[in-house]
Amino acid sequence: MHFLILTALKAEALPIIEVFGLRKNSKTHLYQNNNISLLITGVGRDKTKERLQNLHQVYSNFDQTIVVNVGIAGGNPDQTKIGELYRVNAIFDEKTKQCFIPDILCKHPLIELSLTTVTNSVNNNGDHFTGLVDMEGSVIFQQMSRHVSIHRLIFLKLVSDHMDIDDRQRIIDVTGLIAKQVDLIKSILLSLDHHVLTNNVILSDKEFDIIQRGVAQLNLTDTQVYQLMEWTENYVKLTGNDLDKLAPFFIKKSNSKKERNQIFESIREFFSA
């Protein structure tokens with residue numbers, strides 16, 4: 001397998017470039033060494049989208065590639081610690097209200113949290129967001145899922161702040177933060193079960209679309225998202241059926257927590273039948 005690492009900043013990339021001995025290809029602007037490539041996308045959804053849309057011109061080995069987004073993120077002060085590395089299990093786009101769910105098949109040592117992708121940096125009221133906050137995650141998922149199966153999209157986020165720093169006062173040693181965790185990042189990449197990531201696709205793209213639509217329609221909590229993913233994967237593995245019968249539960253948008261929980265209980269009963 002080949003690893004394609006995506007970072008928004010060169011400051012995030014430097015420790016990774018060093019630990020893997022990557023060298024810049026002047027023609028492609030990719031940093032490469034053997035089976036590892038790294039691309040710096042730039043900050044924000046527009047730059048990231050443009051860079052990834054043009055990626056196919058210089059990179060084509062997507063069938064054998066694991067995409068890993070590594071970067072800093074803001075963190076909810078009650079859920080995260082500055083300097084800690086987390087793995088993303090759900091991505092919410094604040095602008096489009098879409099939800100994307102990476103399919104985590106391999107075991108790993110990290111705490112899992114949801115990620116919200118925003119358009120503008122968040123400097124206060126960070127506790128209003130659950131889990132992590134960045135400015136590129138949802139765009140990376142949307143663009144790269146066109147080339148790579150969802151189970152080969154991995155998001156590793158390191159908390160740099162608790163979203164309480166004004167831009168004018170923002171002095172963060174990004175390279176230093178990543179450098180302290182780069183050995184852990186390397187070990188995670190090297191320990192990935194390539195056989196699982198290559199062959200073991202449980203849910204199809206269509207089934208993921210159904211789930212993502214349901215998460216958005218019902219505004220499910222993180223715990224409910226975990227449960228729904230577990231139920232659907234077990235259902236598909238045990239029965240061999242698709243998830244078309246699940247779609248009717250997601251037609252109506254829930255207008256309250258009570259209504260959401262009632263629909264979610266009906267879904268639980270469906271899988272228990």
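The values are calculated or read from the model by the stated rules, or taken from the named source; none is laboratory data. Just so it is clear, the model here is predicted, and its values are computed rather than measured. Note: ideal-geometry Cβ built from the backbone for every residue, glycine included; neighbour counts use all protein chains shown.
If you go through the range 88-116, how many residues are within 10 Å of the chain's Cα centre (by Cα) and assigned to a strand (DSSP E or B)?
10
I'm trying to understand the selection: among the residues of the range 119-144, which are modelled with pLDDT under 80, outside any loop (DSSP other than H, G, I, E, B) and surrounded by fewer than 19 Cβ atoms within 10 Å (Cβ to Cβ)?
Hit for the range 119-144 is 127, nothing else.
Of the residues in the range 91-109, how many are at pLDDT below 90 and either under 13 Å from residue 154 (Cα atoms) or surrounded by 20 or more Cβ atoms within 10 Å (Cβ to Cβ) (or both)?
10
Take residue 191 and decide whether it is in the same structural domain as residue 19 (by TED's automatic domain parsing), surrounded by fewer than 18 Cβ atoms within 10 Å (Cβ to Cβ) and at pLDDT 80 or above.
no
How many of the residues making up the range 1-26 are assigned to a loop (DSSP other than H, G, I, E, B) and within 15 Å of residue 140 (Cβ to Cβ)?
Summing the residues that are assigned to a loop (DSSP other than H, G, I, E, B) and within 15 Å of residue 140 (Cβ to Cβ) in the range 1-26 gives 2.
Within the range 32-39, is there a residue that is loosely packed, with under 15 Cβ neighbours inside 10 Å and assigned to a loop (DSSP other than H, G, I, E, B)?
Yes, the conditions are met somewhere in the range 32-39.
Among all residue pairs at least 6 apart or on different chains, which show Cβ distances below 6 Å where the first residue, located in the range 244-273, is farther than 14 Å from residue 212 by Cα and not assigned by TED's automatic domain parsing to the domain that holds residue 211 and the second is of a type in the set (Val, Ile, Thr) and surrounded by 15 or more Cβ atoms within 10 Å (Cβ to Cβ)?
none
Conditions first: (1) within 20 Å of residue 178 (Cβ to Cβ); (2) touching a Phe, Trp or Tyr at 6+ places or on another chain (Cβ under 8 Å). Residue 147 passes all but one, so which condition is the exception?
Residue 147 satisfies every listed condition except (1).
Can you name the number of the only condition in (1) outside any helix (DSSP H, G or I); (2) in contact (Cβ under 8 Å) with a residue 24 or more places away in the chain; (3) crowded, with 16+ Cβ neighbours inside 10 Å that residue 48 fails?
It is condition (1) that residue 48 fails.
For every residue, the table says whether it meets (1) assigned to a helix (DSSP H, G or I); (2) in contact with a Gly (Cβ under 9 Å, 6 or more places away or on another chain); (3) modelled with pLDDT of 90 or more.
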{"residue": "147", "(1), (2), (3)": "no, no, no"}
{"residue": "180", "(1), (2), (3)": "yes, yes, yes"}
{"residue": "184", "(1), (2), (3)": "yes, no, yes"}
{"residue": "202", "(1), (2), (3)": "no, no, no"}
{"residue": "209", "(1), (2), (3)": "yes, no, no"}
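I'd like the full set of residues that are without any contact (Cβ under 8 Å) to a residue 40 or more places away in the chain and surrounded by 16 or more Cβ atoms within 10 Å (Cβ to Cβ), limited to the range 14-31.
17, 22, 30, 31
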